[in-house]
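Let me begin by presenting the structure, written as structure tokens, before commenting on it.
The values are calculated or read from the model by the stated rules, or taken from the named source; none is laboratory data. Please read all numbers here as calculations on a predicted model, not as lab measurements. Quick note on the areas: whole protein, heavy atoms, side chains included, nothing else; ligands and nucleic acids left out. Shrake-Rupley method; radii C 1.70, N 1.55, O 1.52, S 1.80 Å.
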Amino acid sequence: STPSSAAFGAVVERAVTASPRFSAKEGEAVVTQTVEGRYLVILGLGAEAGMDSPRAQRLGGQVFAAAKGLGVTRLAIQLDLPPILAAHLAFGLRLRSWQSPPTLRRRSTQEEAATLVGAVVIADGADWPPLQALAESVGMARDLAVLPGNVLGPDAFELHARALTTLGCDVEVL
């Protein structure tokens, strides 16, 4: 269940009050645990006047890094940002969450389960879908760049290329 705005605000206020060194500078974080045992990460955004898309993307990456460092596997984010900046924050989070393809990772099942899923959507509306498609495209390009030739033969490359049709691209294999 999602806490009410008043209850959430009270939890945030207690966490900030308990951390006198927190000044809400960009990237500065306070981590606390709620009564339910969930982690609460309060990330400073810095001066509101200077908030732009690249800065929101950078902060999204910092959110992911903080969550992954805690072993978080599910993430809910509450923002007080315009929709376009929330979409860019989600974009930064998605870019930072990229991992090499499973064929290249040597992790146990437990370590895989402790990895934060990159498909977290924290923005909605018209601003998010183009950035989501771009993040998926960047992820696909990264995957193709790191796959060795013995894994990415012509048939495998064709499968990856055909996946672009889900993003609205026309693919023709000659």
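Things worth noting here:
- Counting only protein chain heavy atoms and rolling a 1.4 Å probe, the accessible areas of S23, S97 rank, largest first, as S23, S97.
- Full extension of the chain segment joining R21 with V72 gains 15.9 nm, where the gain is 0.36 nm per residue of separation less the Cα-Cα distance.
- Residues with amide H under 5 Å from that of A29, placed H, sequence gap 5 or more: G44
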